[in-house]
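Step one of this worksheet: look at the structure below.
What follows is calculated from the coordinates using simple rules that are stated; it is not laboratory data. Note that the structure is a prediction, hence the values are computed from the model and not measured. Don't worry about glycine lacking a Cβ; one is built from the backbone with ideal geometry, like all the others, and counts go over all protein chains shown.
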Amino acid sequence: MTARPVLVVEDEPKLAALLCDYLRAHGFAPHAVADGPTALTLFAELQPAAVLLDLNLPGLDGVEVCRALRRHSNVPILMLSARVDEIDRVLGLEIGADDYLCKPYSPREVVARVRALLRRADGALASPRAAPGCRAVGGFMLDDGGLRAWWRDVALPLTPVEFQLLRTLLQPPGRVFARASLLDAIYTDFRDVSDRAVDSHVKNLRRKLQAAMSGHDCIAAVYGVGYRLDMPDDRDALAS
Ligand code: CA
């Protein structure tokens with residue numbers, strides 16, 4: 001099997017070289033760039049399987065690079081940063097990154113996270129409706145093993161976190177879920193992420209569901225508590 005390309009966006013040359021060495025040793029084909037604009041150019045050419053993205057970059061910072069990539073790609077993005085405060089952690093998640101590591105991190109940990117992201121993404125990219133484990137919840141079809149979801153045969157381009165969020169909100173539809181329980185469902189290892197991260201993921205999930213449902217908004221915010229997903233009735237579905 002050919003090595004899968006991974007884009008490494010890191011402006012510290014020694015760190016970039018170390019990451020590339022580790023990735024190469026574990027069967028990937030890393031390509032390092034030191035600034036945001038070059039990252040976007042190379043991303044288009046390379047179509048990498050995953051992106052390691054330093055938050056603090058010259059020119060275009062990691063936040064802007066992540067936003068730009070998310071406009072047209074669901075590529076797994078692992079954010080890396082030396083700034084450990086809560087704001088940056090939330091920021092990394094709000095802008096659509098899939099996972100986050102703070103410096104100093106071990107390259108071994110980075111490789112493990114990349115592999116985990118790729119396993120989930122591979123499940124999401126496999127051919128639709130082929131998985132025997134798919135189950136229907138109302139008009140949704142969920143593939144829990146592959147982290148894929150469809151709304152009435154329309155594939156939903158969800159990130160792994162958004163899939164977990166949708167799956168939770170459907171257990172069962174109409175139930176109100178507190179932000180804290182949604183957070184527990186989507187991050188098993190990120191206990192210090194703020195509630196705001198949930199809000200931003202819900203916002204993204206809502207946007208994607210609306211796109212598949214011709215503008216119908218099925219997620220309701222319940223003031224002071226959290227969120228509820230109301231299953232669209234047949235009339236809504238027929239209108240779409
Ligand atoms: Ca940096």
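Summary table
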| quantity | calculated |
| --- | --- |
| Residue ID - farthest from Asp99 (Cα to Cα), chosen from residues in the range 44-62 that are away from the ligand (no atom under 15 Å from the Cβ) and surrounded by fewer than 17 Cβ atoms within 10 Å (Cβ to Cβ) | Glu45 |
| Pair list, Cβ under 9 Å, 6 or more apart: the range 34-61 residue part of a loop (DSSP other than H, G, I, E, B), other residue of a type in the set (Val, Ile, Thr) and more than 15 Å from the ligand (Cβ to nearest atom) | Gln47/Val75; Pro48/Val6; Pro48/Val75; Ala49/Val6; Ala49/Val75; Ala49/Val114 |
| Condition met for Arg207 (of a type in the set (D, E, K, R), under 26 Å from His72 (Cα atoms), over 15 Å from the mean Cα position of the chain (by Cα) and not in a loop (DSSP other than H, G, I, E, B)) | no |
